[in-house]
1. Could you list all residues from region B:255-284 that are in a helix (DSSP H, G or I) and not polar (S, T, N, Q)?
2. Counting residues that are over 19 Å from A:Ala141 (Cβ atoms), which strands (runs of 3 or more DSSP E) fully inside region A:193-252 reach at least 3?
3. Keeping to region A:259-293, report how many residues are assigned to a helix (DSSP H, G or I) and either surrounded by fewer than 19 Cβ atoms within 10 Å (Cβ to Cβ) or within 14 Å of another protein chain (Cβ to nearest Cβ) (or both).
4. Are there any pairs, at least 6 apart or on different chains, whose C-beta atoms fall under 6 Å, with the first in region B:82-95 and of a type outside the set (A, V, I, L, M, F, W, C) and the second surrounded by fewer than 16 Cβ atoms within 10 Å (Cβ to Cβ) and modelled with pLDDT under 95, and if so, which?
5. Filter region B:20-48 for residues that are at pLDDT below 90 and away from chain A (no Cβ under 11 Å) and give the result.
6. Going through region A:157-168 one residue at a time, which ones are within 30 Å of A:Thr137 (Cα to Cα) and assigned to a loop (DSSP other than H, G, I, E, B)?
7. Go through (1) buried (at least 22 other Cβ atoms within 10 Å of the Cβ); (2) of a type outside the set (Lys, Arg); (3) outside any strand (DSSP E or B) for A:Val325 and report which single condition fails.
8. Hey, among A:Pro397, A:Pro405, which residue is within 14 Å of chain B (Cβ to nearest Cβ) and without any contact (Cβ under 8 Å) to a residue 40 or more places away in the chain?
Amino acid sequence: MKRYINLAITALVATSFAFGAVNVSAASRSNASLTPPKLKTGVTLTVWDYFCTASQHTCPERDTEWKVIQQWAKATHNKVNFPTNPDSHDQKLCTAGPSGQGPDLIAGPHNELGPMVACGTLAPIPAWAWTPAQQKTYIKAAVQAVTLSGHPYAMPWAIETTGLFYNKDLISAGAFKPAKGQTYQTWSRLISNLKKLSVPGGGPPFGWDQANFYFDYAFISGNGGYVFKYVKGKGYDYNQLGLDSAGAVKAYQFLYDLTTNGKYKLYSPSMNDSVAAGLFNGGKLPVYYTGPWNIASFKQNNLKFGFEPLPSFNGKTPSRPFSGVQDFAINRFTKHLNEAASLDAYLTKNMQVPEFKTSGRIPVITSILNSKAIQKDPVEGGLAHAALAASPMPNIPEMNEVWTPMGTAIGDVEQGKASAADAAKAAVAQIKAAIAKAHGG
Amino acid sequence: MATVSQSVPMKKGRPGLGETLYAYGFITPAIAAMVVASFLPIAFTVYVSFTDWSLYNNALINGFHFVGFANFKTILDSLQGELLGVVIWTVAFASIATSVNFIVGLFLAFLLNNPNMPERNVYRTVLILPWAVPGAVMTLAWSGILNTDYGPLNLVLGNIHLGPFSPGHIQWLTDPNWARFSVLMVTAWFGYPFMMTACLGALQSIPTELSEAALVDGAGVFTRFWRITFPLLRSATLPLIISTFAYNLNNFGAVYLLTAGGPTPIGSNAGATDILPTYTYTLAYSHYLYGLACAYSIVIFFFIGTLSAAQMKWSRAFEEVDR
């Protein structure tokens, strides 16, 4: 008897090995013509998004999205399923998609497209859903962000970037005005204005998450550095890194000089995001370099805040921090590709103005972006301007290898543990080794 | 099939087939749950560790390949490099954290075991508090408290002036050695109430007549403690010490939430406070190397399992004792 039980358990264990080797393939359909096909009626689509976690009771952005979805559903006589968002939905799609458990549309920031395309779960947007003529009406950064290897894999609907939020009670807008004859404020002028401030409580005049590469990139791009070289028509080339060029090393040195160990002595090397957020929300920090996701908490703390784009390094070219583009992508394993593409096109085009009214998301269609409603609002108008100049994060999966080594290296430079040149060389070598290893090298 | 309509007499020897099947029927749901929730994932992990499954080599596009022991070879090679430091620090961290927890817990239990102190319940309640707070939230709060220039701890210490030396600028989380000290300090803060309660219970179960008899025979405080109290305490607390040691070898939260693996030297993947689980987590989730991460988890399992088994054998803590 015991022997049979043992055999049964062994068999169970053995079948589990078989699970890992099962491949599910699905037909991928593409449609090269520009005329929209006839849509089916009565189908049910599922949409995954990432607005709000399960613990948040009210979610105005989701409600707005739901209204637009309902309009499409009514017009095409279909139904749409809108479950509460799963965590790590991009990684879930890699496993859920092939097994048929995935959604038809998935929302996310554009840098998640790279890994999802690498695990083969996204369908290219059909040409009829987003024609080249329509693409021209979108801002260039948004189109570039969702394009991989020359094909668009998602449709964008909002763009966000980072910049300086300032407390109007502690610093005036005049501190950010450029000098006569220059188009943009420079860092040297802003720093001297910051040093003239008297901060209540003797705290620092400037705070941000200084060892986070997402924010550090603005300094690198301002000095002529880049992450991966962008080859027109092909996309980002992960073999060409621009993080150890002379301009990038100058940027790291500048970041060191901003701390109390360096020339400008604005804040200590142990400044990080939670310290800066705590000080700014408590009304003690004049300038906080962060993104628009914190606007809700600024309003909750009754702060009188304004927004200015980051200063430039030479006064002539604007600052180019990273921008994130929000998009909707189509699951390759959907059973209703044409309907999903139609919903994608409708949703992303018609969600832009309502979501701006709800939560201030910056639209990506140029004409809407330049409309009075957006340009009039001081904070949103500033964010829109900054977004136009920003450079989108590289959307290839190799970008994953960059964040940790660069964050660590820049953190070490800021704390004075390594020189800028050494840190740049070591970090780039580490990134190249990680990319080579990930490709089976 | 044996029917149970009348009382079944006690049979000597092996039970019949009917009874055996009946018994297995009862435990089938539990076994099914264990197979699905534990055994299948473990088996899948073992399978994946022999492949090169990663973000770039997965089933749909390139197809992941069976690579045999290549992942384990990578781990062995890394053992001569940064992995060795991580392993040494993991064992050191677990040993020191467990010893400090035990010593502090025992000392406090000793003080609280005083029947002549009526307010000892108040002290006990206050001292138990670190056990009562949610661990993850409190660890994140500690990382804020230990911030070098903006944390309250350094602000308070900065007011102490001992001649030219002022301890208000200790880099708790950014200097490698101080970061290790901070991780140990926070783990001790979280862990001593458990040891204190266990030792208190064990101390109270020791009959006082033994100590009084020793006192009559002229034994001092230390001799009484070392020869009488400690051996009796040993049998009760040794299993706890061993399980605390195994827990601290895997104490992902305490390390990751405080320092995320600690100050990392340039060009390395292993930080100063990285223990094996946090090192594996960084490798898997920063670089999407699933096959390698599965291989690492198997290695960690064997490492911790062997250590724990050796400890249990050596200390004879789990043997039956005839008293």
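1. First pass over region B:255-284, keeping only residues in a helix (DSSP H, G or I): B:255-259, B:276-284.
Answer for region B:255-284, where residues must be in a helix (DSSP H, G or I) and not polar (S, T, N, Q): B:Val255, B:Tyr256, B:Leu257, B:Leu258, B:Leu276, B:Pro277, B:Tyr279, B:Tyr281, B:Leu283, B:Ala284.
2. Numbers: elements: A:206-208, A:226-231, A:235-242.
In region A:193-252, A:206-208, A:235-242 are the strands (runs of 3 or more DSSP E) which contain 3 or more residues that are over 19 Å from A:Ala141 (Cβ atoms).
3. Step one: of region A:259-293, the residues assigned to a helix (DSSP H, G or I) are A:273-281, A:292-293.
Add one more test, that the residue is either surrounded by fewer than 19 Cβ atoms within 10 Å (Cβ to Cβ) or within 14 Å of another protein chain (Cβ to nearest Cβ) (or both), and what stays is A:273-281, A:293.
Number satisfying all stated conditions: 10.
4. none
5. Within region B:20-48, just B:Tyr22 meets the criteria.
6. Step one: of region A:157-168, the residues within 30 Å of A:Thr137 (Cα to Cα) are A:157-165.
Selection gives A:Thr162 alone.
7. Just one mismatch for A:Val325, condition (3).
8. Numbers: A:Pro397 fails: without any contact (Cβ under 8 Å) to a residue 40 or more places away in the chain.
The match here is A:Pro405.
The values are calculated or read from the model by the stated rules, or taken from the named source; none is laboratory data. Nothing here was measured: the structure is a model prediction, and the numbers come from that model. Heads up, the Cβs are rebuilt from the backbone with ideal geometry, glycines too, and the neighbour counts pull from every protein chain shown.
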